[in-house]
Amino acid sequence: MKRGSKLADWGNSLLFLGPTTLFFAMTVIIPFLYGIYLTLFKMDNPTDPMVFSGIYNYLNAMDDKDFWESLWLTLKFVFATVFFVNMVGFGLAYLVTSGMKIQNSLRTAYFTPNLIGGLLLGYIWQFIFVQSLPAIGGKMGIRWLELGWLGDPDMAFWALVIVTIWQTSGYMMIIFIAGLISIPKDLIEASTIDGAGPLRRLFNVTLPLMVPSFVVTVFLSLKNAFMVYDLNFALTKGGPFDSTKMVSMHVVNKAFVESNYGTGQAEAIILFVIVAVVTGFQVYSSKKMEVEA
Amino acid sequence: MGIKGFMKKSAAIGVAAALTLSLAACSGKSSNESTGSKDGKVNIIVTNAKGEIDAQFKQAAKDFMKANPEVKIEVNSTAVGDTLNVFDKLTSSGKTVTLAMFEPYAALHKYKDVGIDLSDKKWNEETDVALKNADGKVVGFPFAVEGMGLVYNQQVVEKAVGGNFDPFSINTRDKFKDLLDKIKASGVEYPVAYQTEAWSVGNHYSSLFLNQSENPTTLADQLAAGKEDLAKNDVWNGYYDTMELLASKEYNKFGDRPIGQYYDAAHVAVGKGESAILFNGNWAFDSLKALEGSKFGFMPVPVDNNADNELNNKIAAGPTQVFVINKKASKEQQEAAEKFLEWLVYDEAGQDFVVNKAQIISAFKNNPNKVTNPLGVAIGNAIEKGKTMPFTTNYINASEWSTTVGPEVQKFIAKESKRADLAKFVEENFKKQK
């Protein structure tokens, strides 16, 4: 087929990409760039007059001990959730592709928690951690269950991790299922004939071929964990005494609740850079691990 | 390329261009809506900071517009728990809010340049609690009066004391402790269900000590200037002695782990009578999920053992939301807003909305209605008897205390920090308070 003229190419691009680009620019690119611009001004509230202050907000952010503490806490949360969400998600996917009778219903069941919004989920689990589990603990005489989970810094942290696993591993499961069923059957058969047991098959054949799925799921769970806010807000509100305040919540509080709009905005940009670098590195390095079937 | 191909391509460009144009058109339209007076009507934007009465407020606006067809009111309510004030949102998007509802502290600080002088308005005759700025000028119309103290379940307490209970008879800490013991002896294992939300133990409870000075502003200013040593302040210490009693393993349902999202659980426990006492305000009534016929009231928070100390005999109550008229609104808009405020004070429908529909304690003496919820009734009675003192949360930057001082008080309750640390933190916070 003959290529059309330059103008026609433009027309095509504009037709297919124009509207998307326009909306993407309006809702993401322009606010983002404007957000960076705003960090150069000293403002307590979004309605304040803008006073140019150079890198003052960034210096403030560097000095903000609580910001770095909440970032460190978020990192711990990232490690815990990325590890468990992917492990559980892959386990579930393996389970529901193993040829069980009820596997289709199970797929639906595992995916359902993902359809419940983070806020709602937080309130439901708050009831479980504060009322249900202590009630069970009291009835059965299990000492460590008797007290509400959300009053102890460590237990509140793990409560957040548990709910995140419960919420997102079903979603990751769907991605893993897609990966698992696209593994050529002949490879599995060949390895079986060669005498590989189930474990060996999993580690030497299946997992290496699943790397592309893992690239996606690890990326998604990394990003979700860094950006967690709704669940954090609904389940613990950052408590007890700020011990579970993740970095997004710190930024929101800094900017809007404590009226340090400029500094909060600068912290948000710093957070963006950190997340961009971490996820970029993750995608780049794990792409290298992909193998051809 | 044939003529057909060309047509197709140009159509494509045309569609894209049309899309762009229509979007551009959308964005240009909205700006003149709020200021102008189309079709001869005055349009005003009113913000309502009490999200829980959103429906009633919108209905009130409709009723008002029916009586005053020349005014068109657009009500914008803050969602409960929203962090950014709806006033900020509207203002940043280029709209002019004519009548804005603020917390008193915000009206005098963050938004101090917003309002016009309301000193000569007629409704000032009917209220003692209009919000005045440092120059003595009235800047805020008191919309809602609220109070806080120790909420008690009357049945449980009366069973324990064996007969009628007068909440103002508990005017020392020892008498309070004695009451707790009596409740315990009557078969209630934990007389207190202490909910320890950051805003409650921080903004509310931890500001009470400001009432030791005649005008809470005086002490707050001293603290801001760094001239007060809280660790050596008896009243400040007294409130935390009482707090330790409330949170103790002996009396508190959650004493083994006093911090941890117990708001609902605590209220339901007191509502059902499994416990008897918690600290909160009149807005707590819905959370109590009380059985029909059960009664509740307020008693003062005891601070020491001196029965003559005013603080032991009064409940903190005052206006918690005020209306401010924006000086940036046009003359006609300001007049329309004033008309609406007058409607709230003098018109029967307005009075009915505030008290009967929205269940808000009116700040105006001429309002004949009484709220029906028992906690509101208790605050209303205390006001009538002159047994109230200023609502101290109005003298601190409440919006940020819930994320700064609140968690620090929670640390103290959980015995993760010492009282001296808390004193230091509160002092520092006052110094940098905006």
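The values are calculated or read from the model by the stated rules, or taken from the named source; none is laboratory data. The structure presented is a predicted model; accordingly, all values stated were derived computationally and were not measured. Here the Cβ is made from the backbone with ideal geometry for all residues, glycine too, and neighbour counts use every protein chain on show.
Against the definition (within 14 Å of chain B (Cβ to nearest Cβ) and surrounded by fewer than 19 Cβ atoms within 10 Å (Cβ to Cβ)), how does residue A:138 come out, yes or no?
Considered against the rule, which asks whether it is within 14 Å of chain B (Cβ to nearest Cβ) and surrounded by fewer than 19 Cβ atoms within 10 Å (Cβ to Cβ), residue A:138 comes out as yes.
Would you call residue A:36 in contact (Cβ under 8 Å) with a residue 12 or more places away in the chain, exposed (fewer than 13 other Cβ atoms within 10 Å of the Cβ) and either among the hydroxyl-bearing types (Ser, Thr, Tyr) or under 24 Å from residue A:254 (Cβ atoms) (or both)?
For residue A:36, the condition - in contact (Cβ under 8 Å) with a residue 12 or more places away in the chain, exposed (fewer than 13 other Cβ atoms within 10 Å of the Cβ) and either among the hydroxyl-bearing types (Ser, Thr, Tyr) or under 24 Å from residue A:254 (Cβ atoms) (or both) - is not met.
Read through the list (1) assigned to a loop (DSSP other than H, G, I, E, B); (2) under 30 Å from residue B:424 (Cα atoms), then give the number of the only condition that residue B:372 fails.
Exception for residue B:372: condition (2).
Do we have any residue at all in region A:189-197 that's crowded, with 17+ Cβ neighbours inside 10 Å and either modelled with pLDDT of 85 or more or outside any loop (DSSP other than H, G, I, E, B) (or both)?
No, region A:189-197 contains no residue that is crowded, with 17+ Cβ neighbours inside 10 Å and either modelled with pLDDT of 85 or more or outside any loop (DSSP other than H, G, I, E, B) (or both).
Test each condition in (1) within 30 Å of residue A:176 (Cα to Cα); (2) within 14 Å of chain B (Cβ to nearest Cβ); (3) free of Cβ contacts under 8 Å to residues at least 12 places away in the same chain; (4) hydrophobic (A, V, I, L, M, F, W, C) for residue A:87 and report the one that comes out false.
So the condition that residue A:87 fails would be (2).
Would you point out the residue of region B:234-252, among those that are over 24 Å from residue B:426 (Cα atoms) and buried (at least 22 other Cβ atoms within 10 Å of the Cβ), that is farthest from the other protein chains (Cβ to nearest Cβ)?
The qualifying residue farthest from the other protein chains (Cβ to nearest Cβ) is B:251.
Give me a count of the residues in region B:188-226 that are among the aliphatic types (A, V, I, L, M) and touching a Gly at 6+ places or on another chain (Cβ under 7 Å).
Residues flagged as among the aliphatic types (A, V, I, L, M) and touching a Gly at 6+ places or on another chain (Cβ under 7 Å) within region B:188-226 amount to 2.
Among B:350, B:386, which is free of Cβ contacts under 8 Å to residues at least 12 places away in the same chain and farther than 25 Å from residue B:106 by Cα?
The unique qualifying residue is B:386.
Can you tell me which residue is nearest to residue A:74 (Cα to Cα) among those in region A:239-274 that are charged (D, E, K, R) and under 20 Å from the mean Cα position of the chain (by Cα)?
Checked region A:239-274; the qualifying residue nearest to residue A:74 (Cα to Cα) is A:245.
Restricting the search to region B:390-411, which residues are more than 8 Å from every other protein chain (Cβ to nearest Cβ) and within 16 Å of residue B:261 (Cα to Cα)?
If the condition is that a residue be more than 8 Å from every other protein chain (Cβ to nearest Cβ) and within 16 Å of residue B:261 (Cα to Cα), then B:406, B:409 are the ones that fit.
The rows are residues; the columns are (1) more than 21 Å from the chain's Cα centre (by Cα); (2) among the small types (Gly, Ala, Ser); (3) at pLDDT 90 or above.
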site: B:398; (1), (2), (3): no, yes, no
site: B:402; (1), (2), (3): no, yes, no
site: B:409; (1), (2), (3): no, no, yes
site: B:416; (1), (2), (3): yes, no, no
site: B:423; (1), (2), (3): yes, yes, yes
site: B:431; (1), (2), (3): yes, no, no
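Which of the residues that make up region B:398-434 are surrounded by fewer than 17 Cβ atoms within 10 Å (Cβ to Cβ) and of a type in the set (Asp, Glu)?
Answer for region B:398-434, where residues must be surrounded by fewer than 17 Cβ atoms within 10 Å (Cβ to Cβ) and of a type in the set (Asp, Glu): B:416, B:421, B:428.
Checking residue B:239 against (1) part of a helix (DSSP H, G or I); (2) over 21 Å from residue B:410 (Cβ atoms); (3) in contact (Cβ under 8 Å) with a residue 24 or more places away in the chain, only one condition comes out false. Which one?
Failing condition for residue B:239: (2).
If you take the residues of region B:412-434 that are more than 23 Å from residue B:218 (Cβ to Cβ) and among the small types (Gly, Ala, Ser), which of them is nearest to the other protein chains (Cβ to nearest Cβ)?
Filtering region B:412-434 for residues that are more than 23 Å from residue B:218 (Cβ to Cβ) and among the small types (Gly, Ala, Ser), the one nearest to the other protein chains (Cβ to nearest Cβ) comes out as B:414.
Check region A:258-281 and report whether any residue there is away from chain B (no Cβ under 14 Å) and in a loop (DSSP other than H, G, I, E, B).
No, every residue in region A:258-281 fails to be away from chain B (no Cβ under 14 Å) and in a loop (DSSP other than H, G, I, E, B).
Does region A:203-219 hold any residues that are in contact (Cβ under 8 Å) with a residue 60 or more places away in the chain, over 13 Å from residue A:180 (Cα atoms) and among the aliphatic types (A, V, I, L, M), and which are they?
Passing the criteria: A:215, A:218.
Given (1) more than 14 Å from chain A (Cβ to nearest Cβ); (2) more than 30 Å from residue B:72 (Cβ to Cβ), where does residue B:338 come up short, assuming only one miss?
Here residue B:338 meets the rest and fails (2).
Does residue B:374 satisfy the criteria of being in the same structural domain as residue B:108 (by TED's automatic domain parsing), surrounded by fewer than 21 Cβ atoms within 10 Å (Cβ to Cβ) and in contact with a strand residue (DSSP E or B) (Cβ under 9 Å, 6 or more places away or on another chain)?
Judged against the criteria, residue B:374 is a match.
Being within 9 Å of chain B (Cβ to nearest Cβ) and small (Gly, Ala, Ser) is the filter here, so list the residues in region A:240-254 that pass it.
A:243
Of all residues in region A:13-57, how many are part of a loop (DSSP other than H, G, I, E, B) and either of a type in the set (Gly, Ala, Ser) or more than 12 Å from every other protein chain (Cβ to nearest Cβ) (or both)?
The total comes to 5.
Name the pairs whose Cβ atoms lie under 9 Å apart, with the first residue in region A:161-187 and within 17 Å of residue A:80 (Cβ to Cβ), the second outside any helix (DSSP H, G or I), and 6 or more positions between them or separate chains?
A:164/A:228; A:167/A:116
Looking at region B:387-409, can you tell me whether even one residue there is part of a helix (DSSP H, G or I) and touching a strand residue (DSSP E or B) at 6+ places or on another chain (Cβ under 7 Å)?
yes
Restrict the check to region A:160-183 and report whether at least one residue is modelled with pLDDT of 90 or more, within 14 Å of chain B (Cβ to nearest Cβ) and either buried (at least 16 other Cβ atoms within 10 Å of the Cβ) or farther than 30 Å from residue A:132 by Cα (or both).
Checking region A:160-183: at least one residue is modelled with pLDDT of 90 or more, within 14 Å of chain B (Cβ to nearest Cβ) and either buried (at least 16 other Cβ atoms within 10 Å of the Cβ) or farther than 30 Å from residue A:132 by Cα (or both).
State all residues of region B:62-121 that are of a type outside the set (A, V, I, L, M), farther than 30 Å from residue A:229 by Cα and touching a Lys or Arg at 6+ places or on another chain (Cβ under 7 Å); if no residue qualifies, say none.
B:68, B:70, B:72, B:96, B:115, B:117, B:119
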